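Working notes for the structure below.
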Amino acid sequence: MKKLVLTFALVITTIQMHAQEFQGMAVYESKTSTSDFKNRMQGNRDITPEMQKNMEERMKKMFEKTFILNFDKSASIYKEEEKLDAPGQEGGGMRMMSSMMGGGGTFYKNVKSKTYTVDKEFMGKEFLIKDSLPDLKWKMESETRVIGGYNCFKATAVRPVSKTDFRNFRPKNQDKPETVKTEDKDKKTSFMSEIEMPKEVTVTAWYTPEIPVNQGPENYWGLPGLILEVNDGKTTILCSKVVMNVKDKAQIKEATNGKVVSQKEYDDIVVKKMEEMREMREKNRGNGGGMPMRIGG
């Protein structure tokens, strides 16, 4: 009976999708664990309870976001939900870090051409990242669950991590006693050498064949149904609402403004600028370096 109901639902959805100008909409809630940051703050005697509360509120804003996915049969746009911020709350540094935590810009992907385009603003400059969608080698699992009333199936894959996706990073050796030799302290260190960033992560996705579109949040795609949940390292992206055949259709088009670069080119630009900022901070401190750059500070 369950298979019969699922088959009937698939038939109805397929008929709806073949209607002229089909379009759907899904709302996703993204949340990234901040345990590493909280542990660092609790162990820092220079941070007062009031400062810690303020920093936790700012982190919550960066690490907890709502996104809207508008999709048709071949393409989609994924964008953070616009919110009205209080004056002074969203400075340039916060916008930059928000971008590195998965927000900012409009993520367009076309599953027919297997390409994506995302516009990003970094240090006052507009970039247009155009590249191929990741070739995720999904492994179909036997586990099932229900998400929002939809029957979902589990799939896993291993994907490389972008150098500019800081959701999975953590400061290196912050809780270990100093064992660096005196003569090594004056050696130049890079920004990337002071943080731990995994080269790849194992992704768990839950997709529903009841919505047979090859789409999902961010750059996730390639499954026989809409991806309703993704567990990616420290980040969980969960669909909270789906609307099929929306009346007010969105324009599913890629952005056109900005300097066109590949993902690798953009990553290299960001890492280089972060290194320059780190060196400038150390120079201004006038203490000979050796202090790590504070992300978001």
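The values are calculated or read from the model by the stated rules, or taken from the named source; none is laboratory data. This one's a predicted model, so the numbers in the text were calculated from it and none came from an experiment. Virtual Cβ from ideal backbone geometry, glycine too; neighbours counted across all protein chains shown.
For Gly91, the test of being at pLDDT below 95, closer than 24 Å to Tyr207 by Cα and small (Gly, Ala, Ser) is failed. Would you confirm whether any residue within region 67-81 is closer than 22 Å to Thr236 by Cβ and either modelled with pLDDT under 75 or of a type in the set (Asp, Glu) (or both)? Within region 67-81, one or more residues are closer than 22 Å to Thr236 by Cβ and either modelled with pLDDT under 75 or of a type in the set (Asp, Glu) (or both).
In region 120-142, which residues are in a strand (DSSP E or B) and under 21 Å from Thr235 (Cβ atoms)? The answer is Lys120, Phe122, Ile129, Asp131, Lys139, Glu141. Filtering region 204-229 to residues that are buried (at least 18 other Cβ atoms within 10 Å of the Cβ), more than 17 Å from Ser76 (Cα to Cα) and under 15 Å from the mean Cα position of the chain (by Cα) leaves only Ala205.
For (1) among the basic types (Lys, Arg); (2) over 28 Å from Glu126 (Cα atoms); (3) outside any loop (DSSP other than H, G, I, E, B); (4) in contact (Cβ under 8 Å) with a residue 24 or more places away in the chain, each residue gets a yes or a no:
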residue: Val230; (1), (2), (3), (4): no, yes, yes, yes
residue: Val243; (1), (2), (3), (4): no, yes, yes, yes
residue: Ala255; (1), (2), (3), (4): no, no, no, yes
residue: Val260; (1), (2), (3), (4): no, no, yes, yes
residue: Asp267; (1), (2), (3), (4): no, no, yes, yes
residue: Met274; (1), (2), (3), (4): no, no, yes, yes
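Of all residues assigned to region 178-193, none qualifies as being at pLDDT 60 or above and out of contact with any Cys (no Cβ under 8 Å at 6 or more places or on another chain).
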